[in-house]
Every structure is written in structure tokens, then in C-alpha cells.
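See structure below.
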Amino acid sequence: MVSKKFRARGIAATVAVLSLGLAACSSGGDGDGDGDTGAKGGDGDLIKVGFSQLGAESGWRTANTESVKASLTKENGIDLTFSDAQQKQENQIKALRDFIDQGVDVIAFSPVVETGWDEVLQEIKDAEIPVVLVDRTVDTTVEDPYVTWIGADFHSEGVKAGEWVKENYPDAKIFEMQGTLGSGAQVDREAGFDETVGADKIIGKASGNFTRAEGKAAMEAALQAYPDMNLLFAHNDDMGLGAIEAIENAGKVPGKDIVIVTVDGVRDGLQALVDKKFNFVVECNPVFGDQIVDAIKKVHAGDDVPKETIVVDKTFDQSITQDEVDARLY
Ligand code: GZL
């Protein structure tokens, strides 16, 4: 059977949620200003939600988890069971099966990689538990595997990074540091970037698995293998921050000898922009817990929901100020 790739592109009924960048999204309320949703009754009225988070690998993931936990609360009508898979798909699959056994009302998860979910997604479908897909995408043969997906357009993020490089460093010798191989964020950021700059400009690639430590190690190897590299595109800030350490240890100047372009826009990444060690950052806003709660309530009530809700991103260059970075909430 031909697998179907579900991603944030060109699917009808897509709704864009404006990135709030410098301001937090307040957790959903019922409008009476006390921050709760007016959920009535005791725990029996709460929506039982199983949330499988893929890990705690990056500043982005930490901020996303904080947003999820701040929004999926009893005050907002949710009885949350949260699981951290430590970036292991087998842990996520186990958590999803546990949620089925617990008889949750809704399952939400961010898949660490795109494939390998067919069996468990079919089990969830057979158990008639609706799925709200969060952040990353799935590539599965299961028909209609989720009710709605909320996340960023990774392909567009890659294109934005590529357009900046093409405009500012058209002859750069680029090393591309990929995120977790096979994840929707890695696959689509790479596709968007490579098609924009031209694959011939990319002299080497390696994965840093979205973590600082692995980003540093990958960059140490790349500096040996590609001494003429003069631009790094890292699929997230954390790998770029690890690369800075490797570049400085090699006696080179990040942001000058090697221009650095990343994605996410977490505070540490934007601080590197202020410090002139990063050159350009494409935001990928992790604070959308409110939208997840809203989707869960609508899905549970059987209301119509858009197939996709895209969290709109912005971009940052070295014109960003220290005050702007200090004002960021993640
Ligand atoms: C993007 C998210 C990615 C971030 C990384 O939505 O899936 O995973 O870019 C994180 O920082 O590890």
C-alpha cells in the first residue's frame, strides 16, 4: 500500500495560528478573567488525555512541554497523563498502548520519527480513541490516522533559512547539520533548504539528533572533514550552540569564519545572535498548549476541527536587541 505523508502543506481547512513570539499565550479561559475554563463538576467531567512527548532533547522541547503542562490542566477540564519517551520510538509506542489500556478519551503525541507507527495507530483507531497530532508529522498507511495536527511548517522554515543564505552568502560552502534522522522536522527542513540554496552548495551533512552534545561532536568531525566549510545550517538552535563550542575549540570565530543559520528561536539561540555567534534564526514557536487544549475539547465534543493548524513562524537576524531577547518567554 502506498504510504501517505501527512504534513503541514496544502491540505484543506488549514488554520494558521499567529506566533506570539514575545508574548506568552495565556492558557485558555472561559472569558471571566479567572483563567479557568469554567469546567463544571468533579474529575468525572474531565477529559482523560494521554500525551506522549518524544523527549527533552532541546530548549524547544522543554518549552513545548512547559506549554503543554501549563495548558492541559484540571482547571482547563483536562485529566492529563504525560509520558516522556527520551527520544525512543519504542517508548512512545509503549506509552500509546498504555493509553489505550487506560481507556483515555483522547491521545495526543509528537512522533519522534515519521514512520513505524502503522500498527499502534491502527490499534488506537480500533479502540476508537481520537488522536490529536502535535508538532511532528507521521508517514503511515493507516487511513485517517488523526483528527487534527498542530505544528509548524518545517518545509517553509527550511526555505526561509535557504533564502537568507542565497541572498547573503550565495557562494558559501555549506555544512548541513540534520536533526533526528527520519523526523518530520529533519526531512522537511532539509528539503526546503536544499531546494532553495541548491544541493551543489552543500559540501557535507551529518545528524546532531537535535541535541547540543551531539551537535558539538558532529561539528568537531565536520571541521576535520570539510576544512573549507564557511557556513553551517543547523536544523535547531541546540545543535548550533554545540557547534559554536567546536568551532571555538578549533580556533575559529563562529558568526564570522563560519556563518551559522539555525531554526527554533529559543532564548539561548537568540542570545547567540546578540553575541554575533549566530547570523540568522528562523523561529519555530513551541508555545501552543492553548491550541492543543482547544483542539482536544472540540475533538472530544465531536465538533469540526481544521485538519491542520499551522503555528506561524518569524525570522531573526543580528539586528535583534538584548531587550528583545530578555523579553522572550522561552
Ligand atoms: C520542531 C521540533 C524540533 C525542534 C527541535 O517543531 O519538532 O524538535 O526544532 C526539537 O529543537 O528537538
Exercise. So how far, in whole Å, is the C-alpha centre of the stretch 278-311 from the one of the stretch 159-205?
Worked result: 26 Å
Exercise. For the pair Val312 and Arg267, what calculated FRET efficiency results from E = 1/(1 + (r/R0)^6), where r is the Cβ-Cβ distance and R0 = 22 Å, to the nearest 0.05?
Worked result: 0.70
For this session: Quickly rank 120-130, 171-181 as a protection proxy: mean count of other C-beta atoms within 10 Å, highest first.
Result: 171-181, 120-130
Exercise. Which value at 222 nm does the chain reach when only helices count, each DSSP H run of 4 or more adding -39,500 (n - 2.57), with the total divided by all residues and rounded to the nearest 500 deg cm²/dmol?
Worked result: -11000 deg cm²/dmol
Seminar exercise, completed: Relative to the chain, whose Cα atoms define the longest principal axis, helix 212-225 and its Cα axis are tilted in degrees, nearest 10, by 30 degrees
For this session: Determine the gain in length on full extension of the stretch Asp275-Ala191; use 0.36 nm per residue of separation and subtract their C-alpha separation, reporting nm with one decimal.
Result: 27.3 nm
Seminar exercise, completed: Carbon and sulfur atoms account, in whole percent of the 1.4 Å probe accessible area of the stretch 154-284, for 49 percent
Seminar exercise, completed: Taking the stretch 154-284, the lysine pairs whose C-alpha atoms sit under 12 Å apart (8 or more places apart or on different chains) add up to 6
Exercise. Which of Val142, Val312, Val106 moves most in a GNM of the chain, Cα contacts under 10 Å?
Worked result: Val142
Problem set entry | Ordering of 240-247, 292-299, 45-52, 313-320 by packing [mean C-beta count within 10 Å, highest first] | 240-247, 292-299, 45-52, 313-320
For this session: Report the antiparallel proportion of the DSSP beta bridges in the chain as a percent, rounded to a multiple of 5.
Result: 15 percent
For this session: Once you have the Cα-Cα distance between Val15 and Thr81, take 0.36 nm times their residue separation minus that, and quote the gain in nm to one decimal.
Result: 21.0 nm
Exercise. In the Gaussian network model of the chain, springs joining C-alpha atoms below 10 Å, which of Asp105, Asp304, Asp275 carries the largest mean-square fluctuation?
Worked result: Asp304
Problem set entry | Solvent exposure of the stretch 154-284 as accessible area per residue, Å², 1.4 Å probe | 35 Å²
Exercise. Glu167 label point, 7 Å along Cα→Cβ, cut-off 13 Å on backbone N: hits in the stretch 261-297?
Worked result: 280-282
Seminar exercise, completed: Taking only protein heavy atoms and a 1.4 Å probe, the highest-to-lowest accessible-area order of Arg97, Arg61 is Arg97, Arg61
Exercise. So, by mean Cβ neighbours within 10 angstrom, what's the order for 204-215, 64-75 with the highest one leading?
Worked result: 204-215, 64-75
For this session: Classify the stretch 154-284 as rounded, prolate or oblate, taking a ≥ b ≥ c as the square roots of the eigenvalues of its Cα gyration tensor: rounded when a/c is under 1.5, otherwise prolate if a/b is larger than b/c and oblate if not.
Result: rounded
Exercise. Lys/Arg Cβ at +1, Asp/Glu Cβ at -1, dipole of the chain taken about the Cα centre: which of Trp117, Val159, Thr140 is farthest positive-ward?
Worked result: Val159
Exercise. In percent, how large is the relative contact order of the chain, given Cα pairs closer than 8 Å and 6 or more residues apart?
Worked result: 22 percent
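The values are calculated or read from the model by the stated rules, or taken from the named source; none is laboratory data. Since the model is a prediction, treat every value here as computed from it, not as a measurement. Cβ sites come from the backbone with ideal geometry, for glycine too, and all protein chains shown count toward neighbours. Note: accessible area is taken over every heavy atom of the protein model, side chains too, but ligands, DNA and RNA are not part of it. Shrake-Rupley method; radii C 1.70, N 1.55, O 1.52, S 1.80 Å.
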